[in-house]
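One structure below.
No value in this document is a laboratory result; all are computed from the given coordinates. Keep in mind that what you see is a predicted model, and the values were worked out from it rather than measured. Neighbour counts are summed over all protein chains in view; Cβ atoms, including those assigned to glycine, are modelled from backbone coordinates with ideal geometry.
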Amino acid sequence: MPDLSVTLTTPRLVLRPLQAADAAALFAIFSDPQVMQYWNTPPWDAEAVAQDYIRAEQQAMCEGQRLTLAIVDRQSAELIGKCLLFNYQPQSRRAEIGFGIASCAWGKGYVQEAASELLCHGFETLRLNRVEAEIDPTNTASGRALERLGFSQEGLLRQRWIIDGQVSDSALYGLLSEDWRSRQNHR
């Protein structure tokens with residue numbers, strides 16, 4: 001599926017593969033309890049977690065299992081988050097999308113911009129038929145972002161996760177290639 005050389009650009013962002021030098025910035029984002037409030041893991045507790053994550057994602061990309069990209073502000077060159085296509089199922093031409101950005105970058109449209117470009121790559125270049133997302137249903141901001149991207153909520157898995165002793169549900173969203181293309185044609 002993915003290729004390590006993939007770099008995508010938008011008016012304000014560069015989406016590029018994670019690099020070892022990103023560990024400190026990535027740790028700063030994903031150790032923030034606010035960012036991790038709706039995540040399926042607790043906040044990262046050491047920069048070594050970020051280093052291990054980057055190595056694992058680079059390996060998974062080399063093996064064609066997923067595409068994980070840093071979200072970098074074009075003007076400041078600051079890493080503000082990550083986005084990914086994962087759980088790739090080549091026979092079904094299906095993957096899941098995920099994203100996370102620094103709390104200081106919330107509300108500025110960065111998720112919309114990055115995810116739109118990643119979806120374009122997924123549907124146009126990777127020829128995906130379906131992209132799915134799973135979020136905590138109480139994460140209304142992510143739900144709204146997915147709906148603005150064209151996703152529809154398709155289900156609810158009750159008590160799917162237990163993170164640090166807290167039980168949470170999962171809302172499932174889906175976007176079909178044909179629906180994405182129809183939205184692109186009406187813009």
222 nm mean residue ellipticity, helices alone, for the chain (DSSP H n ≥ 4; -39,500 (n - 2.57); rounded to 500)
-8500 deg cm²/dmol
When the dipole is taken about the Cα centre of the chain, and only Lys, Arg (+1) and Asp, Glu (-1) are charged at their Cβ, what size is it in debye, to the nearest 20?
620
Once amide H atoms are built 1.01 Å from N in the peptide plane, which residues 5 or more positions from Ile80, or in another chain, come under 5 Å H to H?
Ile71, Val72, Asp73
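Might you report the magnitude of the Cβ-based charge dipole of the stretch 1-60 about its Cα centre, with Lys and Arg at +1 and Asp and Glu at -1, to the nearest 20 debye?
Numbers: 3 positive and 7 negative charges, 47 e Å.
With Lys and Arg at +1 and Asp and Glu at -1, about 220 debye.
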Using the Karplus curve 6.51 cos²θ - 1.76 cosθ + 1.60 with θ = phi - 60°, what ³J(HN,Hα) values do you get for each residue of the stretch 132-146, in whole Hz, with x for Gly and Pro?
10, 9, 10, 9, 5, x, 7, 7, 5, 5, 5, x, 5, 4, 5
Karplus (6.51, -1.76, 1.60) ³J(HN,Hα), θ = phi - 60°, over the stretch 158-167, in Hz, Gly and Pro reported as x
6, 6, 6, 10, 10, 10, 6, x, 9, 8
What are the ³J(HN,Hα) couplings of the stretch 49-63, residue after residue, when phi is run through the Karplus curve with 6.51, -1.76, 1.60 and θ = phi - 60°? Round to Hz, x for glycine and proline.
4, 5, 4, 5, 4, 4, 4, 5, 5, 4, 5, 4, 5, 4, 8
Give me the distance in nm between label points sitting 7 Å out from Cα along the Cα-to-Cβ direction at Gln184 and Gln59, one decimal.
3.4
